[in-house]
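Values quoted throughout were computed directly from the atomic coordinates according to the rules given, and no laboratory measurement underlies them. What you are looking at is a predicted structure, and each value in this text was computed from that prediction instead of being measured. Please note: Cβ atoms are built from the backbone with ideal geometry, for glycine as well, and neighbour counts cover all protein chains shown.
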Amino acid sequence: MPEIHGHCAAGFESVREAFAKNFADGEVGAACCVHRGGEVVVDLWGGLADRESGRPWQRDTPVLVFSSTKGLTAIVVHRLLERGELELDAPVARHWPEFAARGKGGITLRDVLCHRAGLAAVDGELSLDEVLAWHPVCAALAAQAPNWEPGSAHGYHARSYGWILGEVVRRVTGESLGRVFAEEVARPLGLDCWIGLPEAEAARVATVYGPPEPSDPEAIARRDRFMGPDTLLGRVLSGPSNLFSYGDMWNRPELRAAEMPSSNGIATARALSRCYAATLAELDGVRLLAPETLAAATECQVDGPDKVLHVPTRFALGFALPPMLGETCPEGSFGHPGSGGSLGFADSAHELAFGYAMNQMRTGINGDPRSARLVDAVYACLNG
């Protein structure tokens with residue numbers, strides 16, 4: 001068992017116990033942070049940032065948080081909506097005319113934010129260099145036909161979400177989404193969080209370890225049946241062009257440095273929690289979203305069977321909703337989990353914000369037992 005560093009405020013001691021329990025269950029390195037009423041009540045870290053070298057996880061160790069990035073991207077989009085630079089029900093093609101090709105002219109920003117645009121999988125043959133270069137993958141999305149009739153169903157746009165929203169932001173502001181996030185969100189709040197990692201920060205980042213391969217032949221067969229390269233789910237999760245797998249490739253410098261606003265944000269748990277805390281109220285002079293903007297952004301848009309994941313999902317405008325954040329999260333909570341286990345969310349009713357980041361990924365579509373244990377402990381403290 002590694003030493004657990006940090007502190008918990010009085011009444012939140014059981015979160016530390018839950019955090020330690022995760023290490024007993026195979027955690028490598030991790031951090032958890034909770035804000036309540038703008039104050040930090042939990043700030044814990046421990047384990048190894050890199051298993052091979054023995055580099056310890058420090059207070060300021062950031063790590064790839066995969067789809068927890070989507071919530072950060074949504075915050076940028078809602079800030080532009082608040083300023084009138086974007087309109088929720090305007091076609092994407094208003095700002096990106098090429099996007100209208102092959103029946104996509106009616107897809108709105110709302111459709112993209114709640115995963116009903118019908119563009120979950122990217123068609124076309126692309127190299128990794130082309131995907132990371134941004135413009136080729138956006139051109140492929142603009143040129144392709146939808147995977148299903150836009151607006152007729154929702155299905156998780158695991159990576160295309162970031163490219164579509166990011167290109168809209170670029171067309172409107174003249175800046176990449178990662179740059180807007182850095183200038184308007186991360187820098188004012190002092191967040192150790194990037195969508196597109198600067199080279200100067202690379203040495204601090206924890207190594208990501210992919211989920212262990214299942215040992216049960218039936219489990220492997222079931223995975224291949226639902227996630228094979230010819231299935232929509234497989235194309236979405238491994239695409240574009242079957243280039244992506246969850247493992248060591250995400251430690252490559254070029255993947256960290258590129259901007260993938262759906263998938264490759266790098267953050268500390270403290271940054272996730274602090275960012276969400278600043279959506280609820282002013283924090284050190286910064287409030288990210290006005291109350292009326294936040295209310296509209298977190299209203300449920302889709303609820304039910306997901307055409308990609310084949311499980312029920314609930315989404316607001318760019319944010320996942322309970323129970324996707326944890327079974328004990330109440331209505332009014334909003335945020336986003338990341339593949340392999342990370343999680344960031346806010347709960348307006350309890351004036352609470354939560355961040356969890358780790359480097360040992362686990363397989364699962366319906367949440368992660370480690371983040372669930374921590375969330376359960378937080379709410380047990382609040383309700384106890």
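Yes/no matrix, rows are residues, columns are (1) closer than 28 Å to ALA31 by Cβ; (2) outside any loop (DSSP other than H, G, I, E, B); (3) small (Gly, Ala, Ser):
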position: ARG235; (1), (2), (3): no, yes, no
position: PRO240; (1), (2), (3): no, no, no
position: ARG256; (1), (2), (3): yes, yes, no
position: THR279; (1), (2), (3): yes, yes, no
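May I ask you to list the residues in the stretch 1-48 that are assigned to a helix (DSSP H, G or I), over 25 Å from THR279 (Cα atoms), in contact (Cβ under 8 Å) with a residue 60 or more places away in the chain and touching a strand residue (DSSP E or B) at 6+ places or on another chain (Cβ under 8 Å)?
PHE19, ASN22
So if I check each of HIS310, HIS336, which one is closer than 24 Å to ALA121 by Cα and buried (at least 21 other Cβ atoms within 10 Å of the Cβ)?
Step by step, each of HIS310, HIS336 is checked, and only HIS336 is closer than 24 Å to ALA121 by Cα and buried (at least 21 other Cβ atoms within 10 Å of the Cβ).
Across the stretch 311-345, what is the total count of residues that are assigned to a loop (DSSP other than H, G, I, E, B) and either within 16 Å of PRO369 (Cα to Cα) or touching a strand residue (DSSP E or B) at 6+ places or on another chain (Cβ under 9 Å) (or both)?
Total meeting the criteria: 20.
Among the residues of the stretch 253-266, is any crowded, with 21+ Cβ neighbours inside 10 Å, more than 16 Å from the chain's Cα centre (by Cα) and not acidic (Asp, Glu)?
no
Please go through (1) surrounded by 17 or more Cβ atoms within 10 Å (Cβ to Cβ); (2) outside any helix (DSSP H, G or I); (3) not acidic (Asp, Glu) for SER152 and return the number of the only condition it doesn't satisfy.
SER152 satisfies every listed condition except (1).
Would you confirm, using the coordinates I've provided, whether ALA74 is assigned to a helix (DSSP H, G or I) and closer than 30 Å to ALA203 by Cβ?
Values: assigned to a helix (DSSP H, G or I): yes; closer than 30 Å to ALA203 by Cβ: yes.
Yes; evaluated as a whole, the condition is true for this residue.
Name the residue, out of ASN242, ASN264, ASN251, that is of a type outside the set (Gly, Ala, Ser) and on the phi > 0 side of the Ramachandran plot. Explain how you work it out, then say what you get.
Details: ASN264 fails: on the phi > 0 side of the Ramachandran plot; ASN251 fails: on the phi > 0 side of the Ramachandran plot.
Checking each option against the conditions leaves just ASN242.
Please work out if LEU126 is in contact with a Leu (Cβ under 7 Å, 6 or more places away or on another chain) and either under 23 Å from SER339 (Cα atoms) or not small (Gly, Ala, Ser) (or both).
No: the conditions fail for LEU126.
Among the residues that make up the stretch 197-206, is at least one of them surrounded by 15 or more Cβ atoms within 10 Å (Cβ to Cβ), among the basic types (Lys, Arg) and closer than 29 Å to HIS115 by Cβ?
no
Collect the residues in the stretch 158-183 that are surrounded by fewer than 24 Cβ atoms within 10 Å (Cβ to Cβ), assigned to a helix (DSSP H, G or I) and polar (S, T, N, Q), keeping them in residue-number order.
Listed by number, the list holds a single entry, THR173.
Restricting to the stretch 204-226, name every residue that is without any contact (Cβ under 8 Å) to a residue 12 or more places away in the chain and farther than 16 Å from ARG362 by Cα.
PRO217, GLU218, ALA221, ARG222, ASP224, ARG225
Could you look through the stretch 346-384, keep only residues that are in contact with a Lys or Arg (Cβ under 9 Å, 6 or more places away or on another chain) and either of a type in the set (Ser, Thr, Tyr) or without any contact (Cβ under 8 Å) to a residue 12 or more places away in the chain (or both), and pick out the one that is farthest from ARG36 (Cα to Cα)?
The extreme case among them is THR363.
Look through the stretch 207-228, keep the residues that are within 24 Å of ASN251 (Cα to Cα) and β-branched (Val, Ile, Thr), and return whichever of them is surrounded by the fewest Cβ atoms within 10 Å (Cβ to Cβ).
In this case the residue turns out to be THR207.
Okay, residues lined up against (1) out of contact with any strand residue (DSSP E or B) (no Cβ under 8 Å at 6 or more places or on another chain); (2) more than 19 Å from LEU64 (Cβ to Cβ):
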residue: TYR156; (1), (2): no, no
residue: GLY162; (1), (2): yes, no
residue: ARG170; (1), (2): yes, yes
residue: ALA182; (1), (2): no, no
residue: CYS193; (1), (2): no, no
